[in-house]
Amino acid sequence: MTAFGSGPAAETSNRRRGWARRVLGAATALPALALTAGLVGFVWFADHVATGYPPADDHADGIVVLTGGRDRVQLAVELLEQGRARRLLISGVHPASTAHDIQRATEANPGLFACCVDLGHQAETTTGNALEADIWARANGFESLIVVTSAYHMPRALLELESSLPGVRLVPRPVKRPELELDTWYRRPGTVKLLLAEYVKYMLARVRLGLELVGRA
């Protein structure tokens with residue numbers, strides 16, 4: 001006679017319970033692993049924003065600045081004045097703003113603005129900036145671009161631009177706002193909050209562009 005709790009049926013039941021415990025354990029561990037991976041990714045992102053772009057002493061065919069602050073446009077105009085590129089695109093300009101308005105705000109040479117600066121009024125997002133830059137670069141036959149935007153925005157800007165402009169060499173020139181103190185970002189709650197929000201946007205852009213790539217395959 002087979003003892004109670006033994007035999008093939010009992011062994012099968014034990015194996016099922018063992019698998020159930022392992023599955024439950026894995027399911028319990030997944031949120032912790034996801035949280036750890038997200039934290040590591042965020043720290044990498046923040047450190048890259050703070051230190052990942054060495055000063056670039058380079059030239060390119062054109063300059064693209066993604067609007068969002070006077071300091072961005074000021075740097076882009078200065079690079080054009082230094083002869084770092086032949087033309088400048090200011091992407092995402094407010095519809096009511098004119099070239100004269102921007103020229104006066106940056107105190108740039110009026111002649112330089114008249115000959116070598118283009119305004120893009122259509123872009124309202126980083127994706128729009130990339131599309132605007134793509135059209136402009138193709139129209140001018142440019143194969144390299146200096147990209148000017150805020151340091152915390154640069155990773156997402158490059159991601160979008162690389163997707164829209166494959167094969168075009170991109171030279172990042174990030175603008176660091178002194179009040180953010182990016183070199184010690186972990187000590188400033190406001191800067192941590194800003195970087196975290198931008199990291200989420202960056203990851204969402206990566207997922208979207210990855211799905212678009214799979215969809216085209």
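The values are calculated or read from the model by the stated rules, or taken from the named source; none is laboratory data. On a predicted model such as this, the values are computed, not experimentally measured, just so you know. When we count neighbours, we look across all protein chains shown, and the Cβ atoms used for this are built from the backbone with ideal geometry, even at glycine. Side chains included, ligands, DNA and RNA excluded: accessible areas come from the protein's heavy atoms. Shrake-Rupley method; radii C 1.70, N 1.55, O 1.52, S 1.80 Å.
Taking 208, 169, 87, 72 and ordering them by how much accessible surface each has at a 1.4 Å probe, largest first, produces 169, 208, 87, 72.
Computed over region 131-190, the percent of Cα pairs more than 12 Å apart is 69. A simple count of charges around residue 84, restricted to other residues whose Cβ falls under 13 Å of its Cβ and scoring Lys, Arg +1 and Asp, Glu -1, yields -2. For the set 43, 214, the ranking by accessible area, highest first and with no ligand, DNA or RNA atoms included, is 214, 43 under a 1.4 Å probe. Rolling a 1.4 Å probe over the protein chains gives residue 181 an accessible area of about 90 Å². Neighbours of residue 42, meaning other residues whose beta-carbon lies under 13 angstrom from its beta-carbon, give a summed charge of 0 when Lys and Arg score +1 and Asp and Glu score -1.
Here region 71-113 has 50 percent of its accessible surface on carbon and sulfur atoms, given a 1.4 Å probe and all protein chains in place. Shown here: region 46-120, whose C-alpha atoms stretch 38, 25, 19 Å along the first, second and third principal axes, sorted largest to smallest. Taken over region 79-118, the alpha-carbon convex hull comes to 68 cubic angstrom per residue. For residue 183, the accessible surface of its heavy atoms amounts to roughly 110 Å² (probe 1.4 Å, protein chains only, rounded to the nearest 10).
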